[in-house]
Amino acid sequence: MPNYYTDNKDLAFIMDQVMDWNAILAMKETFGDAECPYADAEEAKATFLEMLRDPVGELAANRIAPRAEEIDDIGCKCENGQVIFPEALQRNLKDLCDAQLMGMTIPRRFGGLQFPETVYTAAIEVVSQADASLMNFFGLQGGIAETINEFATEELKEQYLPRMSTGEFTGAMALTEPDAGSDLAAVQTRAKGGEGITAQQDPVTGMWIISGAKRFITNGCGDVILVLARSEDPAKKGGGRGLSFFLVEKGPKVKVRRIEHKLGIHGSPTCEIYFDECPAYLIGSRGMGLARYTAWLMLAARLAIGAQAQGIAQAALEEAEKYAKEREQFGKPIRDFPQVAAMLADMRMRCEAARAVLYATSEIVDLHQGAEAKGLKDETRRYGRIAESLTPIAKYYTTEVANRICYDSLQIHGGNGFMQEYPIERLYRDVRITNIYEGTSQIQVNWAVSRLVRGDVDDVMDGLAKHVFADADLARLQGEILKAFESYKSVVAWLKDKEVAFRELVGPNVTDMFVDIYAAFLLLRHAEKWEYKRKVAARFIRQLGPRVAMNRDLALNAQFDTLAP
Amino acid sequence: MPNVLVFAEVNDGVLHDVSLQCLSAARQVAGAGGRVSCLLAGHGVAGLAPALVAAGADSVAVADDERLAAYVTAPFAKAVGACLDANPADLLLLAASTVGNDLGPAVAAARKAACAVDCDGVAAQGGTISLRRAGYDRKVMTTFVPAAAGLVVGTLRDGAAPAPAADAARQGAIAPLALDLTPAELVSKVLRRDVAKKTVNLKDAKIIVAAGAGVGSPDGLALVRELAQALGAEIGATRAVVDAGWLPADHQIGQTGATVRPDVYLACGISGAVQHRVGMMDARTIVAINSDANAPIFKIAHYKIVGDLKVVVPKLAKLLKA
Amino acid sequence: MAINIVVVVREVWDTRDLSGSVLDGAGAVRAGAMETRFEPEDLNALEAALRIKDAQGAQVTAIAVGETRSVDVLRECLYRGADKVVRVGADPAGLDDQALAALIAGAIAKAGPCDLVLVGTAVPDAENSLLGRHLAAALGVPAVSWVDAVEEVGPGRAVAKRAVEMGYEFVEVPFPALLSMGVALLEDDPRAPRPAKAMLKLKMKKAEVPVVSPADAGAADPAALVAMKVATMEAIAPRVIESQQVDPESEAALKGMLDAVLKGE
Ligand SMILES: Cc1cc2nc3c(=O)[nH]c(=O)nc-3n(C[C@H](O)[C@H](O)[C@H](O)COP(=O)(O)OP(=O)(O)OC[C@H]3O[C@@H](n4cnc5c(N)ncnc54)[C@H](O)[C@@H]3O)c2cc1C
Ligand SMILES: Cc1cc2nc3c(=O)[nH]c(=O)nc-3n(C[C@H](O)[C@H](O)[C@H](O)COP(=O)(O)OP(=O)(O)OC[C@H]3O[C@@H](n4cnc5c(N)ncnc54)[C@H](O)[C@@H]3O)c2cc1C
């Protein structure tokens, strides 16, 4: 029987050989505690990998994947405000609940598994390889539950987290509105006021009242909805500072007005919802809705979307490799033609580079969370700074690479790729959302470039640059990367006194340079542990120099142009 | 020379052809000195006894009893036991069918006898009976021998022995066998049967076009049917197709279906699971059409066509009609 | 009332993707070179038991003979929802199904009352397909083989859907009874047995597995019970097939193939 974890040799390698479990676990578990289910780090690691094999990999390959086509065909429907899932999707959700996987990162005291983000990220990748749209239940759950766990009152945690652990409750996050997309500071949904906005709580229940419309809400029909809404008087506290964060439970006052008809992820309902004077709990402090809680939630969700894209990329890559082996033209399999062979090699290389970045990021996120939970101030600050830079970069990189891989995979399929009979047609549609939601690639780049120029990840890069390779070949390749790194550093230094607008203009070039170099370093480290990776690293680094040089030149020559005849 | 008892299986009033093959295997093992007896059990089956004599039985015990109308283990095992008690045998042979593979081991278990099922051959040398059977995905042939003297039970696969030539002139004793069944032996009941009547004759077909789950729908099957017509072939199927209800059960080829040896076997959208392969791998020429180049069926195919059957099958039909 | 179900589970050689031969030069199984797996039909038997448990409640006990090689089938049962497991502490190597059945029957008797025993029929191409029959004889209970689904359970009886040539039979057996399960999961979806439950796996990974000795199972010397032994094992030479690829796009190639095939070449 296929297994989407063990069959994915690269993912299994990263989990087994690359992740620094000792470091993660030192932060996240206290061995010897009565409550800790592991004797030591080794046992914990073995448990994580075992769980990825079964249930995660088993379920994905043998139950979820076979249903993907049907779910894509039928899609979700909305009748009289009720969202109706295709039967196969209902089975998927039941299987995830039965396998007790819905609370992967929720604390054990609330019935969850309390696994590190890295394990969850891998699970999301595996599930998304089987059906990307299912990730929007499975992968959204974590970010929402974690936000509640981090910022809500103990009562709210007890009220919601156990039921999110079992999967009885699924979540949604309601940020976007018709006039507030990338710019969430423009959110209009109001949290109780009568005339004007004089925010006040219901004196009896302590609850707030929310009204307004939200658009493009994934799983807006879910049970626990986190809502960004305006609680402060705009005259006194306008823009983002006037927004607070709320928890709304599904009920008659939450109306699903319609669901979108869309290009891909048909198994995930995208809802327009209307809060009709709906009771809500405040989460955390007033006025911090955007700056603190949404930012926190988005960070978690971005990692999840990166993993979703990674899973789709893996699926598209495998489809291409399979097809190119079977399809014959001019008397031989098409993979024997130089151009197709090169495309396949590049696809695999990019897929593995993206994966390297994704899990290096998840590791940092784990270290950050762990340091915070342990109250280690310096580490929290350091890891937090790195995580805030790497997460948008990882999201940007994995989603753009995944799009590219799906594009190439479809190309390798020729005319068949354009037909619904082949899975690549669905993958090609599904992958397209990944670099749009949870912040478009442009928004990720804006986040990234300001932090790169500020030098927020310099220490990480210097560490990689100074690593001493015992192997002469690897040391030589490292020399190649260092040349590109110098070039990148000169561009960043040059940008220091440029205006924000100009930095954003060349943001894609700078981010591409950075992530290329970062991925190259990571692949080279992987090559120390797995012979095969030498070939991947060598190919990647051969292309690195020219790409970095190109991006440097493009940045140095960039200009604001508006072209119109 | 060993004495052999053969259990003659009857389905819908017809002798199982592998039971007849068992008779010829029994004759060979028994040689000149051994006795081949036969148990014919069921309801309304007595008339088949002469055919068993003609096929090589020296004697036939007939247990014709309404309590044996449907197969359940205990009463049939009792009948075999009674036969063995009356005429001790060294070897019991049965067809490797769902009945034989249930009954043989049941008798062996009750009498602590040596047993092997799905055998490809049986032999007796120097007084020792041995059974040969393939295992490990048909990668290993194992020869079994009993650990101690006593009864050996074996079930034979279709084709393990040749069909006997019927000789109407042969003589043999036909005698009824009285059955004394206790209530404990009658606790299991067949409530209902959902079994198809035979409408095709796959065994004698020279050309078989077989459909697998890859046909996808009755529409896909229609394409296969058209090709079969153009070839003058019978239609076979995998269990997946029968389970889907696209073809009746008598079209099924494989371990729980028919075993066939046509000149040409055209497999359309069949993955080639071992349970299917055992039923068709001895076809003289095998052509496989499958969109998955790694499908196991290609390992035994003489002609491999990697492609969509919905495209390839109509093309073939058109070429034939042209 | 919740019934008691015993499932017999085995760890078997996985020869599906084996490249190279199963046997070494001396005709013995190359144990070091092969992987093992949870016997797929035993997994179906477990799934059938757990579905009964889901639907109406049942106490499910899994029993295996011998130490784990690499797949701990008993723990896998616990992870999926079995309530209890028992290991019979004997080496199954060299034992036939008669001897194994005696050991297992003893362990079942010790485990307490039991209404249904489920075991994989095992496809005849693998080993052991007699275990169910021998076990039923050793327990003295009625048995049904080739069961694809358990249609009805209780009170005091079960109705099994048994595969026969050309169709199915629905057989009623009173408790206690044994069912040998076949492919079992014929419903459209899900076709695969359930995976592990994560929380349960976390909880059960160190659970103690009780061991019953052969003596306690009433068969102190199981080797003495062996009725059938292996005389020789020989590799079956793979069938050499002259095979050729036919290009489905080329009418000429297809035509050529048809001509060759129909002429009987
Ligand atoms: C299927 C789907 C599911 C969704 N699920 C959710 C959900 O669950 N919850 C939720 O709150 N939202 C959700 N969204 C909304 C999603 O997050 C937004 O669509 C996304 O953030 C972009 O906002 P927008 O569509 O308004 O585009 P706009 O913000 O209007 O952007 C349009 C274009 O302008 C670019 N752009 C905008 N600002 C800048 C800038 N400063 N610099 C450079 N370029 C810029 C963008 O990159 C984009 O190319 C979902 C959307 C979709 C399509
Ligand atoms: C005890 C037992 C007894 C059994 N007895 C039998 C038996 O007697 N007979 C039997 O057949 N099975 C039997 N089976 C079932 C057997 O294991 C397999 O499940 C069955 O043979 C699979 O049938 P299939 O090849 O049609 O389906 P699948 O295995 O689903 O294969 C379908 C194939 O079609 C291909 N395909 C899909 N679409 C296309 C297309 N458009 N063009 C070309 N190819 C396509 C796929 O690549 C795939 O290889 C038995 C199983 C057990 C356990």
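In terms of its C-alpha gyration tensor, the stretch A:69-219 comes out oblate, because a/c is 1.5 or above while a/b does not outweigh b/c.
Averaging the Cα positions of each part gives two centres, and for the stretch A:520-565 and the stretch A:7-21 these lie 24 Å apart. The tail of the calculated P(r) for the protein assembly as shown, taken as Cα-Cα distances beyond 44 Å, holds 47 percent of the pairs.
Over the stretch A:171-287, the pair-distance histogram of Cα-Cα distances with 5 Å bins from zero comes to 2, 13, 23, 25, 19, 10, 5, 2, 1, 0 percent, rounded to whole numbers. Rolling a 1.4 Å probe over the protein heavy atoms gives the stretch B:1-111 an accessible area of 30 Å² per residue.
Taking B:Thr256, B:Thr238, B:Thr199 in turn, the Gaussian network model of chain B (Cα-Cα springs below 10 Å) assigns the largest fluctuation to B:Thr199. For chain B, divide the Cα radius of gyration by the Kirkwood radius and give the resulting Rg/Rh value with two decimals. Answer for chain B: 1.02. Take every DSSP beta bridge whose two residues both sit in the stretch A:127-284; close to 85 percent of them are antiparallel. Residue-wise HN-Hα couplings along the stretch A:48-58, as the Karplus relation 6.51 cos²θ - 1.76 cosθ + 1.60 with θ = phi - 60° gives them from phi, are 4, 5, 4, 5, 5, 5, 9, x, 4, x, 5 Hz; Gly and Pro carry x.
Our coupling estimate for the stretch A:37-46, obtained by passing each phi through the Karplus curve with A = 6.51, B = -1.76, C = 1.60 and θ = phi - 60°, is x, 10, 6, 7, 4, 4, 5, 5, 4, 4 Hz, Gly and Pro reported as x. Dividing the mean sequence gap of close Cα pairs (under 8 Å, 6+ apart) by how many residues chain C holds gives a relative contact order of 22 percent. Estimated purely from DSSP H runs of n ≥ 4, each contributing -39500 (n - 2.57), the mean residue ellipticity at 222 nm for chain C is -8000 deg cm²/dmol once divided by its residues.
The solvent-accessible area of C:Glu152, taken with every protein chain present and a 1.4 Å probe, is close to 90 Å².
In this structure, the amide hydrogen of A:Ile283, modeled 1.01 Å from its nitrogen in the peptide plane, lies closer than 5 angstrom to those of A:Phe245, A:Phe246, A:Leu247, counting only residues at least 5 positions away or on a different chain.
Based on the Kirkwood radius over alpha-carbon pairs, what is the Stokes-Einstein translational diffusion coefficient of the stretch A:377-457 at 20 °C with 1.002 mPa s viscosity, in µm²/s? Taking Rh from Cα pairs, D becomes 149 µm²/s. Remark: the stretch B:238-284 is approximated by an ellipsoid whose semi-axes, taken from the C-alpha gyration tensor as √(5λ), come to 17, 10, 10 Å, largest first. DSSP bridge analysis restricted to the protein assembly as shown gives an antiparallel fraction near 50%, rounded to the nearest 5.
In the context of the full protein assembly, A:Leu344 retains an accessible surface of approximately 20 Å², using a probe radius of 1.4 Å and ignoring ligands and nucleic acids. Each Lys or Arg adds one and each Asp or Glu takes one away; over the other residues whose Cβ falls under 10 Å from the Cβ of C:Met181, this sums to -4. Taking the centroid of alpha carbons for each part, the stretch A:332-349 and the stretch A:383-417 are 19 Å apart. Identify the residues of the stretch C:134-167 with backbone N under 17 Å of a label point that sits 7 angstrom from the Cα of C:Asp54 along the Cα-to-Cβ direction, or state none. Inside the label zone: C:149-153. Principal semi-axes of the equivalent ellipsoid, √(5λ) from the alpha carbon gyration tensor of the stretch B:1-101, are 20, 14, 12 Å from largest down. Debye-formula intensities of the stretch B:62-157, expressed as log10 I(q)/I(0) at q = 0.12, 0.17 Å⁻¹, are -0.39, -0.75 (one equal scatterer per alpha-carbon, no solvent). Label-to-label distance, A:Arg476 versus A:Phe560, with points set 7 angstrom from Cα along the beta-carbon direction: 4.8 nm. Scanning residues 5 or more positions from B:Ala210 or on other chains, those with amide H under 5 Å from its amide H are B:Gly236, B:Leu266, B:Ala267, B:Cys268, with H placed 1.01 Å from N in the peptide plane.
Stokes-Einstein, applied to the Kirkwood radius of the stretch C:135-222 over Cα pairs at a viscosity of 0.890 mPa s and 25 °C, places its translational diffusion at 152 µm² s⁻¹.
According to the square roots a ≥ b ≥ c of the eigenvalues of the Cα gyration tensor, what is the shape class of the stretch A:404-510, taking rounded for a/c under 1.5, prolate for a/b larger than b/c otherwise, and oblate for the remainder? Oblate, because a/c is 1.5 or more while a/b does not exceed b/c. Comparing the stretch A:407-446 with the 2.2 N^0.38 Å rule of thumb, its C-alpha radius of gyration ratio is 1.45 (two decimals). Extending 7 Å from the Cα toward the beta-carbon at both A:Thr440 and B:Lys189 defines two label points whose distance is 7.3 nm.
A protection proxy built from the mean count of other Cβ atoms within 10 Å ranks the segments C:170-179, A:471-480, most packed first, as C:170-179, A:471-480. Stokes-Einstein diffusion of the stretch B:4-186 at 10 °C, 1.306 mPa s viscosity, Kirkwood radius from Cα pairs, rounded to a whole number: 98 µm²/s. Using every pair of distinct Cα positions in chain C, the Kirkwood expression returns a hydrodynamic radius of 20.4 angstrom. The calculated FRET efficiency for the pair A:Lys325 and C:Ser70, based on their C-beta separation and a Förster distance of 41 Å, comes to about 0.85.
The spacing between the stretch A:50-81 and the stretch B:285-322, judged by their C-alpha centroids, is 31 Å. With all pairs of separate Cα atoms included, the stretch B:156-299 yields a Kirkwood hydrodynamic radius of 17.4 Å.
Listed cross-link partners A:Lys157/C:Lys205; B:Lys310/C:Lys255; A:Lys237/A:Lys498; A:Lys9/A:Lys529; B:Lys78/C:Lys161 are compared with a 21 Å cut-off, the Cα-Cα value being larger for A:Lys157/C:Lys205; A:Lys237/A:Lys498; B:Lys78/C:Lys161.
Computed per residue of chain A from DSSP H runs no shorter than four, each worth -39500 (n - 2.57), the mean residue ellipticity at 222 nm is -18000 deg cm²/dmol. Stretching the chain fully between A:Thr6 and A:Ala185 yields a gain of 60.1 nm (0.36 nm per residue, less the alpha carbon separation). Amide H contacts of C:Lys197 (H built 1.01 Å from N, in plane; Pro and chain starts excluded): C:Arg80 sit under 5 Å, all sequence-distant by 5 or more or on other chains.
Legend: mean number of C-beta atoms from other chains within 10 angstrom of residue C-beta atoms, peptide C:222-235, equals 6.
In a DSSP loop and with at most 12 other Cβ atoms within 10 Å, the chymotrypsin sites (Phe, Trp or Tyr not before Pro) in the stretch A:241-330 are A:Phe330. The mean number of partner chain beta-carbon atoms within 10 angstrom of a residue's beta-carbon across peptide A:41-48 is 1.
As a length-normalised measure over Cα pairs under 8 Å and 6 or more apart, the relative contact order of chain B settles at 14 percent. Relative to the dominant Cα principal axis of chain A, helix A:65-74 is inclined by about 60°. Mean partner shielding of peptide B:178-188, defined as the number of other chain Cβ atoms within 10 Å of each residue Cβ, is 2.
Which shape class applies to chain A: rounded if a/c is under 1.5, otherwise prolate when a/b exceeds b/c and oblate if not, where a ≥ b ≥ c are the square roots of the Cα gyration tensor eigenvalues? Verdict is rounded for chain A.
Of the residues C:Glu169, A:Glu272, ranked by 1.4 Å probe accessible area with the largest first, the sequence reads A:Glu272, C:Glu169.
P(r) tail, the stretch A:18-103: Cα-Cα pairs separated by more than 23 Å, 46% of all pairs.
Of the accessible area of chain B, computed with a 1.4 Å probe over protein heavy atoms only, carbon and sulfur atoms account for 53 percent.
With all pairs of different C-alpha atoms in the average, the Kirkwood value for the hydrodynamic radius of the stretch A:454-556 is 14.1 Å. Per-residue 3J(HN,Hα) values for the stretch A:323-335, derived from phi via the Karplus relation 6.51 cos²θ - 1.76 cosθ + 1.60 with θ = phi - 60°, read 5, 5, 7, 7, 6, 10, 9, 6, x, 8, x, 5, 5 Hz in sequence order (x marks Gly and Pro).
The values are calculated or read from the model by the stated rules, or taken from the named source; none is laboratory data. Not measured: the values here are computed from a predicted model. Please note: Cβ atoms are built from the backbone with ideal geometry, for glycine as well, and neighbour counts cover all protein chains shown. To get the accessible areas, we keep the full protein, side chains included, count just its heavy atoms, and leave off ligands, DNA and RNA. Shrake-Rupley method; radii C 1.70, N 1.55, O 1.52, S 1.80 Å.
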